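Below is one structure; the comments refer to it alone.
The values are calculated or read from the model by the stated rules, or taken from the named source; none is laboratory data. Here the structure is a predicted model, which is why all the values come from computation and not from measurement. The area values use the complete protein model at the heavy-atom level, side chains included, leaving out ligands, DNA and RNA. Shrake-Rupley method; radii C 1.70, N 1.55, O 1.52, S 1.80 Å.
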Amino acid sequence: MHEAGVFRPDSRLELIAGEIYEISPIGKLHAGCVAALSEMLRDLVQLAALVWVQNPIQLDDYTQPQPDIALLKRREDFYRRALPRPADVILVVEVADTTVDYDRLVKIPSYALAGITEAWLVNLRARRIEVYAEPDAGEYKVAKFYQPGEEFQAHTLPHMKIKVDDVLGQEGESG
């Protein structure tokens, strides 16, 4: 459809449960948060995982989201031969300012349904990080919210501890 000209060439799209969604443009606060978090995660995981930034993952034949960040099991080909599948994904991160409802109500459940062990929602508007873990029957059994001043750790990589303030930045950095 993209090649047939149904969508503008610069359209940002993702496939969720067989439906095509147009993704909102990325603003400076969102972009800065993704840059800071991806660098932080690279430092924390080093060669234990591949940090996959704003690239697609293949959940099933009808779902190909583009999380802001995914930590993947390393592969020699860097996923050149095939997109990562759920078994390749250690955790996914969605950063949201204008798309919080879409990410929480559509994307996070699609990750749970695919059996992805852990998903984070960096909620820029509410200034909190939502950590979802332990998928079961299409839902995450664990949901924890972290505020500025707090620190959290990944369920899948418990040695990895992150300060909420380092992810969200300082109040007022939004411009």
| message | Apply the Karplus curve 6.51 cos²θ - 1.76 cosθ + 1.60, θ = phi - 60°, to the phi angles in segment 158-170 and return the couplings in whole Hz, x for Gly and Pro. | response | x, 6, 8, 10, 9, 7, 4, 4, 5, 7, 7, x, 7
| So what does residue 101 come to for accessible area, using a 1.4 Å probe and Å² rounded to 10? | 100 Å²
| said: Could you sort 52, 120 by their accessible area in this structure, using a 1.4 Å probe and putting the largest first? | reply: 52, 120
| message | So, taking all protein chains as they sit and a 1.4 Å probe, how much accessible area belongs to residue 62, in Å² rounded to tens? | response | 150 Å²
| query | Hey, any idea what % of segment 83-168's accessible area is carbon plus sulfur with a 1.4 Å probe? | reply | 48 percent
| query | Hey, if we sort 157, 72, 29 by accessible area with the 1.4 Å probe, largest down, what's the order? | reply | 29, 157, 72
| request: Taking only protein heavy atoms into account and a 1.4 Å probe, give the accessible area per residue of segment 122-175 in Å². | output: 57 Å²
